[in-house]
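Right, one structure below, let's go through it.
The values are calculated or read from the model by the stated rules, or taken from the named source; none is laboratory data. Worth saying up front: this structure is predicted, and the values here are computed from it rather than measured. Cβ sites come from the backbone with ideal geometry, for glycine too, and all protein chains shown count toward neighbours. To get the accessible areas, we keep the full protein, side chains included, count just its heavy atoms, and leave off ligands, DNA and RNA. Shrake-Rupley method; radii C 1.70, N 1.55, O 1.52, S 1.80 Å.
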Amino acid sequence: MTVRATPEPVVVDELITDTADRLFGELCTHEAVQAAEEAGGAPEIWEAFRETGFDLIAVPEEAGGSGGSLAEAIEVLRLVGYHSAPIPAAENGVLGGWLLAVAGLERPDGLVTVVPPRAAEGGWSGGGACSMEIASDGTTTLTGEAHRVPWARSAEVIVCVCECDGQTTVASVPAAECEIAHLPNMAGEPRDTVRFDGATGVAAPAPDGVDAGALAQRGALSRVALMAGAIEKMCQLTVSYTNERVQFGRPVARFQAVQQHLVWAAQDAALARMAAEIAAREATRGDAPFEIAAAKLIANQAAARATKACHQAHGAMGMTQEYPLHHFSRRLWSWRKEYGSDAHWTGVLGDMATGAGADGLYPLITSGTAALQ
């Protein structure tokens, strides 16, 4: 009989959760989020966020980060989604800060963003095809074009993962070296086009296990966290509104048809949050391709169902600019296409299941990535 050791528990410091929730609650007002959409960002919210050190959680202190675990960084991202905070929290730390740290590249004082990897089958929005040449002094020259790069217009440095002479390489290029065309996503957040026409920067070989696939998984995990928070808040808004809105002498929340929408939304909020927490826990312990793939698929589908249910329950009110529901629903519809659509992650999970074989399917479902090792 094989006895497996119980893994160490992954604990998120409640002080981080409480502080981030309070910070966003004070700053991310309806007016502030609306203004950020018009301006393409919210520098005052971002600076307040940076002052706490939350932007670099999970980046090692020796690499200029705040330390802490990936699970803690994912919890902060959940609160970013919960408050619809218009800031590049995922790109600066969990993605860009991580890539610079593992490659041993210097981190700038300003914002870092990342070029999303491109799926060969078009499984998500964005990404780019870039070529790289590395000189003997370690400087690198990039050519090519990347689409839907988050917050590129505000970044000091743009990081990408490329293949160069058979070696996976992390490149860091000053944004000033690039031509950036401003484009928004559905929620008005920057998703810019970046042209690397001879842009020069620095590069370093990526360590084993860090490549476009690893970036795709970590990016997907970041979107799961953001979506889980947004679905939860959207559900709470809907419950409050339907209890306050009176029709035919009673709150609309008492009507059976409306109650059905509330139940569906609540189920999806709980499902998305649970998927995010499990994926974050396993990713903190090590590789978690199965958990992340499943979580992104769950979050994508939950976002579609919950958005429909919440807008149905709100009626026309949910479509107005003056009411905050659209801050969450429009972000959800943008995030669900980033770092993997339903079709992409369904295919990934299908490949894992068929690879495990008939005898390995049940252990894969019950044990996740551990069954593949």
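All but one of (1) among the aromatic types (Phe, Trp, Tyr); (2) part of a helix (DSSP H, G or I); (3) open to solvent by 20 Å² or more (accessible area, probe 1.4 Å) hold for Trp345; state the number of the condition that does not hold.
Trp345 satisfies all of (1) among the aromatic types (Phe, Trp, Tyr); (2) part of a helix (DSSP H, G or I); (3) open to solvent by 20 Å² or more (accessible area, probe 1.4 Å) except (3).
Among the residues of region 156-168 satisfying the criterion of being modelled with pLDDT under 90 and among the acidic types (Asp, Glu), which is surrounded by the most Cβ atoms within 10 Å (Cβ to Cβ)?
The qualifying residue surrounded by the most Cβ atoms within 10 Å (Cβ to Cβ) is Glu163.
Can you pull out every residue in region 140-155 that is part of a strand (DSSP E or B) and open to solvent by less than 20 Å² (accessible area, probe 1.4 Å)?
Passing the criteria: Thr140, Leu142, Ala146, Val149, Pro150.
Restrict the check to region 325-334 and report whether at least one residue is over 18 Å from the mean Cα position of the chain (by Cα) and at pLDDT below 95. Outline the logic, then answer.
Initially, region 325-334 is screened for residues over 18 Å from the mean Cα position of the chain (by Cα), giving 325-326.
The next check asks that each one be at pLDDT below 95; those that pass are none.
No, there is no match, as no residue in region 325-334 is over 18 Å from the mean Cα position of the chain (by Cα) and at pLDDT below 95.
Of all residues being aliphatic (A, V, I, L, M) and under 23 Å from His83 (Cα atoms) in region 184-219, which is least open to solvent (accessible area, probe 1.4 Å)? Just the residue, please.
Of everything passing the filter in region 184-219, Ala187 is least open to solvent (accessible area, probe 1.4 Å).
Matching residues to (1) closer than 13 Å to Leu297 by Cβ; (2) touching a residue at least 60 places away in the same chain (Cβ under 8 Å); (3) touching a His at 6+ places or on another chain (Cβ under 8 Å); (4) part of a helix (DSSP H, G or I):
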| residue | (1), (2), (3), (4) |
| --- | --- |
| His327 | no, yes, yes, yes |
| Gly357 | no, no, no, yes |
| Leu364 | no, yes, no, yes |
| Ala370 | no, no, no, yes |
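Out of Ser222, Ser240, I need the residue that is modelled with pLDDT of 95 or more and either assigned to a loop (DSSP other than H, G, I, E, B) or open to solvent by 50 Å² or more (accessible area, probe 1.4 Å) (or both). Which one?
Values: Ser222 fails: either assigned to a loop (DSSP other than H, G, I, E, B) or open to solvent by 50 Å² or more (accessible area, probe 1.4 Å) (or both).
Only one candidate qualifies: Ser240.
Based on what the data block shows, is Ala280 modelled with pLDDT of 90 or more and under 23 Å from the mean Cα position of the chain (by Cα)?
The answer is yes for Ala280.
Within region 279-324, take every residue that is without any contact (Cβ under 8 Å) to a residue 24 or more places away in the chain and in a helix (DSSP H, G or I) and give me the one that is surrounded by the fewest Cβ atoms within 10 Å (Cβ to Cβ).
Per the criteria, the residue is Ala316.
What's the total number of residues in region 156-183 that are over 30 Å from Trp333 (Cβ atoms), in a strand (DSSP E or B) and acidic (Asp, Glu)?
Total satisfying the criteria: 1.
Count, please, the residues in region 184-219 that happen to be among the aliphatic types (A, V, I, L, M) and not in a strand (DSSP E or B).
8
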